[in-house]
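These notes concern the structure reproduced below.
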Amino acid sequence: MNKYISEFIGTFFLVFVGTGAIIVNDVTGGQVTHIGISLTFGLVVMVMIYSVGNVSGAHMNPAVTIGFLVSGRLEKQEVIPFIVSQLLGALVASMILRFLFLNHPTLGITVPSGSIYQAFALEIFLSFLLMFVILNVSTGAKEKGIMAGVAVGSTIALEALFAGPISGASMNPARSLSPALISGHLQYIWIYLTAPILGVLAACPLCRLIQGKECCPTIERNPRPQIN
């Protein structure tokens, strides 16, 4: 049960702090800035990895959980509880943000500013890169594992910096679904539910190709990956 609570907490703070930064930027006339929002998402992921990564692996993302399942790093019976915990954490965060910012119309939803095809393609590539980094930094030397939080958080900040203005740089169905549900803006949610999953699924065989058997061990060898 503690790993599911960890996923709830990690995803809660990812959405609360990350989308909260978007909301604060809106209500303060841009004081946080796009760079600040990007760094906020990267930093909150990093600190959550170091806080709860040793308990649950700090997925905080249903697409990443599915990627770990496909990679043979997560037992099948854990997938649904992981995803439910993540979705609940995200929803609670968005509900609290709604209470704090009653007049904000969107609560930090992800929407494409370019074409839907650009956003869909970008989300696939962004999620591919994120999962590729996660799998590689959670494989091999212990020293690399110690720096995994920095690597994953930096990847998210990097991707948000360059692609956020076009696609929103979600890479995370829970992060996009919760503010969309609470704010009632569901028009583009299909992009952010499907593209991240396609991206992480594509990353898994490439990691295996590069890292060999260490990348995707059997469940018996590594029942719960830890990226911290």
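Each value in this text was obtained by applying a stated rule to the coordinates, not by laboratory testing. The structure presented is a predicted model; accordingly, all values stated were derived computationally and were not measured. Quick reminder, even Gly has a Cβ in these numbers, built from the backbone with ideal geometry, and neighbours come from all protein chains shown.
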**OP:** Pull out a ≥ b ≥ c, the square roots of the eigenvalues of the alpha-carbon gyration tensor of region 75-122, then state rounded if a/c is under 1.5, prolate if not and a/b is larger than b/c, and oblate in the remaining case.
**Re:** oblate
Subject >> 10 Å-binned pair-distance histogram of region 45-104 (Cα, whole percent) >> reply: 21, 43, 25, 9, 1
Original post:
Using alpha carbons only, what's the Rg to Rh ratio of region 2-214 with Rh from Kirkwood?
Top reply: 0.95
Subject >> Between helix 76-100 and the chain: long-axis angle, C-alpha atoms, 0 to 90°, nearest 10 >> reply: 20 degrees
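What is region 6-45 by shape, rounded, prolate or oblate, if you read a ≥ b ≥ c off the alpha carbon gyration tensor as root eigenvalues and call it rounded for a/c under 1.5, prolate for a/b larger than b/c, and oblate otherwise?
On the way: a/c = 4.98, a/b = 2.00, b/c = 2.49.
Oblate.
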Subject >> Using alpha-carbon coordinates, inclination of helix 173-183 to the longest axis of the chain, degrees >> reply: 20 degrees
**OP:** Obtain the nm distance between the two label points defined at Thr33 and Met95 by a simple spin-label model: each point lies 7 Å from its Cα along the Cα-to-C-beta direction.
**Re:** 3.6 nm
